[in-house]
Amino acid sequence: MPEVHQYQITTQSGRLDKVLSELMPEQSRSQLKNAIDEQRVLVNDQIEKPKYKVQAGDKVTITIPDPVALDLEPENMPLDIVYEDDDVIVVNKPAGMVVHPSPGHPDHTLVNALLYHSPLSTINGTFRPGIVHRIDKDTSGLLMVAKNDHAHRSLAQQLKDKTNLREYLALVHGNLKDDTGTIDAPIGRSLKDRKQQAIVADGRHAVTHYQVLERYGDYTLISCWLETGRTHQIRVHMKSIGHPLAGDPLYGPRKTISGSGQFLHARKLGFKHPVSGKQLVFETPLPADFKQVIKRLRSQHPGYTVVKPGWDENESL
């Protein structure tokens, strides 16, 4: 039977599509857009367009159809599993692997490998089973994956409530002025290039905090942690303050450090277990190519500055 969700709006206001994304973080924006387009979303029992401005007092009803049977092909591919139980998997994704199938990447994705390994939640439908959050193809590091719908809802709610931990290491161009900082700027699709995201006035709320770890003159190694999880968030935010990621083919300068893509690694991941309630925190070391670049920068700049001593205590650099 289709699921029917009803929400009585109290304080939210704004476009219907944006309000829905806040109310139902476990649903992707494309799924919610389809729901509106297919007239499965009602406001006060009336069909409205995505740009309808929701007001306090409105009643929003959304119907979620039965999950579509998965037609993805499970693939026997190696997985670096950091943790697993009956409800969740924490996996260390290598750079170069796409998280889930899309028109340009129909197979050989993390989801194909996970489906071979284990049952996954069905909330995200056909192409994103189990996926609660994503990292870019050329970003390495930790992802939490839901094995069942209960776990998926719990983990998605933690993302919405900003109670989980997501910390990244990034190598950026230039020498940041301050040792710490916060970038609070809305992100949406670029008006100039549809492949890119950008800082736009009507974009989605996005907040990134950063801490400088080491300075190498023309480059800086930083730690970033996220309050929100927008597409390309760290890459867009760092570019917006004049310090794009090294190796970034989309947002960085042409003259950069060569590699398989942007030097960005999801190093730490923490969340409350959806069943036991226990707080779990995981950490994974940098990929070999990232380590080699840091070693090279250190050797080329013997007077490099360590701003946060001990950050690499778990790294064999």
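Full extension from GLU3 to ASP37: what is 0.36 nm times the residue separation minus their Cα-Cα distance, to one decimal in nm? Can you show the working numbers first?
Values: separation 34, 0.36 × 34 = 12.24 nm, distance 1.75 nm.
Gain on stretching GLU3 to ASP37: 10.5 nm.
Debye calculation, C-alpha points only, no solvent: report log10 I(q)/I(0) for region 81-161 at q = 0.27 Å⁻¹, in the same order as the q values.
Values returned for q = 0.27 Å⁻¹ are -1.47.
Going through region 1-50, which GluC sites (Glu not before Pro) have at most 13 other Cβ atoms within 10 Å and a DSSP loop state? Intermediate values should be presented prior to the final figure.
Working: sites: GLU3, GLU22, GLU26, GLU38, GLU48; in loops: GLU26, GLU38, GLU48.
Of the GluC sites (Glu not before Pro), the ones in loops of region 1-50 whose Cβ has at most 13 other Cβ atoms within 10 Å are GLU38.
Can you compute 3J(HN,Hα) from phi for each residue in region 232-247, using the Karplus curve 6.51 cos²θ - 1.76 cosθ + 1.60 with θ = phi - 60°, rounded to whole Hz and x for Gly and Pro?
My calculation for region 232-247 gives 6, 4, 5, 4, 6, 5, 5, 4, 5, 9, x, 9, x, 5, 5, x Hz in order.
Quick check: the distance between the Cα centres of region 155-215 and region 247-265, to the nearest angstrom?
So the separation of the two Cα centres works out to 17 Å.
Charges only on Cβ, +1 for Lys and Arg, -1 for Asp and Glu: so what's the dipole of region 3-64 about the Cα centre, in debye to the nearest 20?
On the way: 9 positive and 9 negative charges, 56 e Å.
That gives region 3-64 a dipole magnitude of about 260 debye.
Under a point-charge model restricted to the Cβ atoms of Lys and Arg (+1) and Asp and Glu (-1), what is the dipole moment magnitude of region 81-161 relative to its Cα centre, in debye to the nearest 20? Can you show the working numbers first?
Values: 7 positive and 9 negative charges, 46 e Å.
Value, rounded to 20: 220 debye.
Please give the calculated 222 nm ellipticity per residue for the chain, where each DSSP H segment of at least 4 residues contributes -39500 (n - 2.57) and the sum is spread over every residue; nearest 500 deg cm²/dmol?
-5500 deg cm²/dmol
Size of the chain along its principal axes in angstrom, Cα-based, largest extent first?
Taking max minus min along each principal axis of the Cα atoms, the chain gives 67, 43, 38 Å.
Using the Karplus curve 6.51 cos²θ - 1.76 cosθ + 1.60 with θ = phi - 60°, what ³J(HN,Hα) values do you get for each residue of region 41-47, in whole Hz, with x for Gly and Pro?
Per residue, the Karplus-derived 3J(HN,Hα) values read 10, 10, 10, 6, 6, 10, 6 Hz.
Only sites in a loop by DSSP and with at most 16 other Cβ atoms within 10 Å count here; which trypsin sites (Lys or Arg not before Pro) in region 269-317 make the cut?
Working: sites: LYS272, LYS278, LYS291, LYS295, ARG296, ARG298; in loops: LYS278.
Answer in residue order: LYS278.
Could you check the spin-label model distance between ASN314 and ARG298? Points 7 Å from the Cα along Cα→Cβ, value in nm.
Simple spin-label model gives 1.8 nm for this pair.
Distance check, please: which entries in LYS59/LYS272; LYS93/LYS272; LYS162/LYS192; LYS160/LYS278; LYS18/LYS177; LYS160/LYS255 exceed 27 angstrom between their Cα atoms? Could the numbers behind the result be given before it?
Values: LYS59/LYS272 31 Å; LYS93/LYS272 21 Å; LYS162/LYS192 31 Å; LYS160/LYS278 19 Å; LYS18/LYS177 35 Å; LYS160/LYS255 37 Å.
Check vs 27 Å cut-off fails for LYS59/LYS272; LYS162/LYS192; LYS18/LYS177; LYS160/LYS255.
Under a 5 Å amide H to amide H cut-off, with H placed in plane at 1.01 Å, what residues pair with SER190 once short-range neighbours are removed?
GLN196, GLN197, ALA198
Can you list the residues, at least 5 places off or on another chain, whose amide H is less than 5 Å from the amide H of LYS93, using H built in the peptide plane?
GLY141, LEU142, LEU143
Describe numerically, in nm with one decimal, the distance between label points set 7 Å from Cα along Cα→Cβ at GLN196 and at ASP218.
2.2
Using the Cβ atoms and a cut-off under 10 Å, what net charge is assigned to the surroundings of LEU169, where Lys and Arg are +1 and Asp and Glu are -1?
Charge balance near LEU169 sits at -1.
Straight-line reach only, C-alpha to C-alpha below 18 angstrom: list the aspartates and glutamates that LYS53 could link to, leaving out same-chain residues fewer than 8 apart.
LYS53 reaches ASP17, GLU22, ASP37, ASP45, ASP202.
If you take the beta carbon distance between LYS177 and GLN279 as r and set R0 to 45 Å, what does 1/(1 + (r/R0)^6) give as a FRET efficiency, to the nearest 0.05? Can you show the working numbers first?
Details: r = 35 Å, r/R0 = 0.77.
Working from the Cβ atoms, E equals 0.85.
Among LYS308, LYS255, what is the fewest-to-most ranking by other Cβ atoms within 10 Å? Intermediate results must be reported in sequence, preceding the final value.
Values: LYS308 15, LYS255 6.
Taking fewest neighbouring Cβ atoms as first place, the list is LYS255, LYS308.
If I stretch the segment between LEU165 and TYR83 completely, what's the gain in nm (0.36 nm per residue apart, minus their alpha carbon distance), one decimal? Numbers along the way, then the final one.
Values: separation 82, 0.36 × 82 = 29.52 nm, distance 1.59 nm.
Separation in residues times 0.36 nm, less the Cα-Cα distance, equals 27.9 nm.
Every number in this text was worked out from the coordinates using simple rules, so none of it is lab data. Everything numeric here is computed off the predicted structure, so don't read it as measured data. Ideal geometry is used to build each Cβ from the backbone, glycine not excepted, and the neighbour counts take in all protein chains shown.
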